[in-house]
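Chemist: My structure is below; once you've seen it, I'll send some questions.
The values are calculated or read from the model by the stated rules, or taken from the named source; none is laboratory data. Fair warning: this is a prediction, and the values are worked out from it, not measured in the lab. Cβ placement follows ideal geometry from the backbone for every residue including glycine, while neighbour counts extend to all protein chains displayed.
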Amino acid sequence: MDEAATPARKAFEAGEIVKIVDGPFAEFNGEIEDVSYEKSRLGVSILIFGKPTSVELDFGQVEKV
């Protein structure tokens with residue numbers, strides 16, 4: 001399968017660090033907790049006021065650091 005033919009299916013893995021580029025948490029960095037390729041969504045842990053907070057994001061809202 002050609003990767004260019006499936007741009008939404010990026011190879012994300014739990015434990016990777018990503019930068020949020022869209023939405024209310026834009027510019028935050030976080031760690032991927034879980035990946036759902038079926039829904040094209042990620043569970044990402046970010047720090048808000050020093051406390052880890054889990055957020056659910058679309059693949060398009062993040063980029064790898």
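Chemist: Could you please let me know if K19 is loosely packed, with under 11 Cβ neighbours inside 10 Å, at pLDDT 95 or above and among the basic types (K, R)?
Modeler: Working: loosely packed, with under 11 Cβ neighbours inside 10 Å: no; at pLDDT 95 or above: yes; among the basic types (K, R): yes.
So K19 fails the test.
Chemist: Select from region 28-63 the residues that are touching an Asp or Glu at 6+ places or on another chain (Cβ under 6 Å), surrounded by fewer than 14 Cβ atoms within 10 Å (Cβ to Cβ) and not small (G, A, S) and list them in ascending order.
Modeler: Within region 28-63, no residue meets the criteria.
Chemist: Within region 7-16, take every residue that is in contact (Cβ under 8 Å) with a residue 24 or more places away in the chain and over 13 Å from V65 (Cβ atoms) and give me the one that is surrounded by the fewest Cβ atoms within 10 Å (Cβ to Cβ). Break it down stepwise before answering.
Modeler: Of the residues in region 7-16, the ones in contact (Cβ under 8 Å) with a residue 24 or more places away in the chain are 8-10, 12, 16.
Still in the running and over 13 Å from V65 (Cβ atoms): 8-10.
Numbers: A8: 9, R9: 12, K10: 17.
In this case the residue turns out to be A8.
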